[in-house]
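The values are calculated or read from the model by the stated rules, or taken from the named source; none is laboratory data. Please read all numbers here as calculations on a predicted model, not as lab measurements. Counting neighbours? That spans all protein chains shown, and the Cβs are built from the backbone with ideal geometry, glycine included. With ligands, DNA and RNA removed, areas are computed over all heavy atoms of the protein, side chains included. Shrake-Rupley method; radii C 1.70, N 1.55, O 1.52, S 1.80 Å.
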Amino acid sequence: MVATAKPHYINIFHRVTRFLVPGLISVATSLTLVSCTQPTQKAETTSTASNVSDTQPSGIKTKVLRMGYQQAGDLVRVTKVLEKRLEPLGVKVEWAQFAQGPQLMEAMNVGKIDLGSVGETPPIFAQAAGAQIVYVVGSRRTENSGKGSAIAVPPNSPIKTLKDIKGQKVVFQKASASHYFILRALEDVGLKYSDIKVLSIPNVEASSAFLEGKISVWVTGDPHLARAEKLGKVRILRDSQGLDSPGGYYIGGRQFAIDNPELLRIVIEEIDKIQRWAEAHPKETTELIAPFQKLPADVMDLVISRRSYGLRAISPDLIQEQQRVADYFYKNGLLPKPVNIRETLLTPEQYAAITPPTISQK
């Protein structure tokens with residue numbers, strides 16, 4: 001199913017992204033929902049207390065949890081750990097797939113999904129566009145963090161170093177994690193954002209074009225990067241290790257998060273548990289995900305080997321890191337006004353209610 005954003009959101013989104021990310025509207029609306037388990041949501045699934053079974057805990061006010069995931073796939077969806085845990089509570093799980101983080105954030109803002117995982121950048125641009133979202137939990141940073149994202153060129157490209165991309169067309173999805181990556185990488189070699197010609201294309205579209213030699217510089221990530229590597233069609237100029245990213249997050253709709261603290265607590269616990277299991281069982285994880293991804297096992301092995309697993313709580317230190325990223329975008333002229341990350345947070349009491357004690361605080 002393909003869904004497009006409602007007119008009121010397009011108006012908000014267009015006003016901000018005319019300055020932030022020109023050209024994103026057509027990409028976001030055409031690729032918002034790659035697939036969806038349910039074509040429409042019935043009125044009975046809305047987050048209202050009147051529709052909830054008496055058997056549900058008071059911290060669960062919905063009968064349907066609508067999860068968003070990206071092209072890279074989702075171990076949580078494949079293993080059905082949420083379905084198994086929530087079914088006895090009368091909560092159904094629906095899944096919707098998106099090309100990348102910006103499209104997932106757009107769908108959340110128009111009420112299509114309740115919760116989804118994205119990199120550090122999409123929620124900043126979504127907040128700037130007026131989205132009513134909250135940071136629910138962060139992704140743990142490990143020694144593998146950043147290995148699965150790269151600035152890449154074809155093997156025979158005359159571009160030898162990152163400095164050589166000055167004046168080149170560089171392809172990536174604006175408002176995605178690649179946006180922060182390229183901005184910081186350019187700074188590290190003394191270049192400015194204005195030194196490159198940006199083409200905003202989602203990875204799902206850019207992948208084939210790159211493999212056919214039609215893209216000179218590509219900022220991308222797994223599984224697209226791993227596939228290109230295994231095909232011998234890519235040379236990496238640098239990966240994103242060491243670029244001080246706070247990592248990814250699970251982001252939720254604000255009202256959904258406020259209404260469903262017990263549900264979020266269960267979801268966070270199950271996601272962290274299955275990710276920790278995957279970290280300890282890489283081969284079994286490949287066997288589970290590869291059929292859904294329709295990728296060769298060796299490609300999936302590479303993807304799994306450089307993923308980071310586990311969650312970390314939303315803490316003052318983590319929010320300070322995320323605020324630094326938002327300030328960096330503003331300093332570089334990519335946001336029309338400063339973004340205050342604290343406006344997209346729950347209260348300390350609400351975070352205590354949704355965060356299991358087993359979740360890392362670092």
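Key figures
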{"read-out": "Fraction of alpha-carbon pairs over 16 Å apart in segment 61-105 - percent", "value": "41"}
{"read-out": "Cα-projected label distance for Lys233 with Glu94, points at 7 Å along beta-carbon direction, nm", "value": "3.5"}
{"read-out": "Gained length - Asp327 relative to Glu262, 0.36 nm times residue gap less alpha-carbon distance", "value": "20.1 nm"}
{"read-out": "Intensity falloff of segment 219-265 expressed as log10 I(q)/I(0), Debye formula with alpha-carbon point scatterers, at q = 0.13, 0.22, 0.27 Å⁻¹", "value": "-0.57, -0.82, -1.02"}
{"read-out": "Segment 230-339 - charge dipole about Cα centre, Lys and Arg +1 at Cβ, Asp and Glu -1, debye rounded to 20", "value": "560"}
{"read-out": "Heavy-atom accessible area per residue - segment 227-362, 1.4 Å, Å²", "value": "48"}
{"read-out": "Cα convex hull of segment 291-331 - mean projected area over all directions, nm²", "value": "5.0"}
{"read-out": "Three-way shape label, segment 129-193, alpha-carbon gyration tensor, a/c 1.5", "value": "prolate"}
{"read-out": "Debye intensity ratio in log₁₀ form over the Cα atoms of segment 201-301, taken at each q of 0.21, 0.25 Å⁻¹", "value": "-1.17, -1.26"}
{"read-out": "Segment 72-166 - convex hull of the alpha-carbon atoms, volume per residue in Å³", "value": "168"}
{"read-out": "Per-peptide average of other Cβ atoms within 10 Å, ordering 314-327, 340-353 highest first", "value": "314-327, 340-353"}
{"read-out": "Per-q log10 I(q)/I(0), segment 164-239, q = 0.19 Å⁻¹ (Debye; single scatterer per alpha-carbon; no solvent)", "value": "-0.76"}
